[in-house]
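Read the figures in this text as sums done on the coordinates, not as results from a lab. Keep in mind that what you see is a predicted model, and the values were worked out from it rather than measured. We place every Cβ from the backbone using ideal geometry, glycine too, and count neighbours over all the protein chains shown.
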Amino acid sequence: MASNAVKKDKNWSIIVPGVLLIFFGILCAFYPGLTLLSVTFVAGAGFIFAGVVNFVSYFRERKIQKLTGWYIAYGILDIIIGLMFVIHPLATAYVLPWLIGSFVIAYAIVEIFSIVAMRKQLGSIWGVGLVSAILSLIIGIMFFIFPETLVVFIAVFAIIRGATLIAAGFSGYQPV
């Protein structure tokens, strides 16, 4: 008797990154100081790169896209912030949870007000959005009160994401 089920092979292209994410999450949990320094350095490099891209974009596309001097000012600010992160990684790593916490709190507050204002349009799912926004607010506050929770958050996120990728890979999932 023939089976209609199609045998799905394991997808190692998502299993391997899943394993690496779990390993990364465990490293983050055991080396919180190194994790913060690494995040600080990567963020600094990202800011510097963004600033350089702003400069290049401005000089290549200023007439086509009608870019103003504010584009250059934003690029300069990106480079200054990036250099602060890279030149003084210990000081930046110390305040990084507060910086990230500030952004998370600000975003959560805007999200709470938006969800409450749009609750009629959202219908029955508005409560889920409100709970999510309140949880984001609590996480942002936790980054202020207990800065080490940022590393715990990164570690847990990496481990959960890694486990999800491994499960998807063993199920034969093929991304399109």
Inset, instruction - Could you check the simple spin-label distance between Ala168 and Ala117, using points 7 Å along Cα→Cβ, in nm with one decimal? - result: 3.3
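Give me the percent relative contact order of the stretch 12-170, please, defined on Cα pairs under 8 angstrom at least 6 residues apart. It would help to have the intermediate numbers written out before the result.
On the way: 174 pairs, mean separation 67.5, N = 159.
Relative contact order for the stretch 12-170 comes out at 42 percent.
Tell me, what is the FRET efficiency for Leu34 and Lys63 to the nearest 0.05, using R0 = 35 angstrom and their Cβ-Cβ distance as r? Before the final figure, lay out each step's value.
Numbers: r = 46 Å, r/R0 = 1.31.
With a Förster radius of 35 Å, E is 0.15.
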Legend entry - Order of Phe146, Phe24 - criterion: other Cβ atoms within 10 Å of each residue's Cβ, fewest first: Phe146, Phe24
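Averaged over all directions, how much area does the convex hull of the C-alpha atoms of the stretch 1-101 cover when projected, in nm²? Intermediate results must be reported in sequence, preceding the final value.
Working: hull surface 49.5 nm².
With the hull built on Cα positions only, its mean projection is 12.4 nm².
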Legend entry - Principal-axis tilt of helix 69-87 within the chain, Cα atoms, nearest 10 degrees: 70
Legend entry - Degrees between helix 149-170 axis and first principal axis of the chain (Cα, 0 to 90, nearest 10): 40
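Taking N as the number of residues in the chain, what is its Cα Rg relative to 2.2 N^0.38 Å?
Values: Rg = 21.5 Å, N = 176, 2.2 N^0.38 = 15.7 Å.
Against the compact-globule rule of thumb, the ratio is 1.37.
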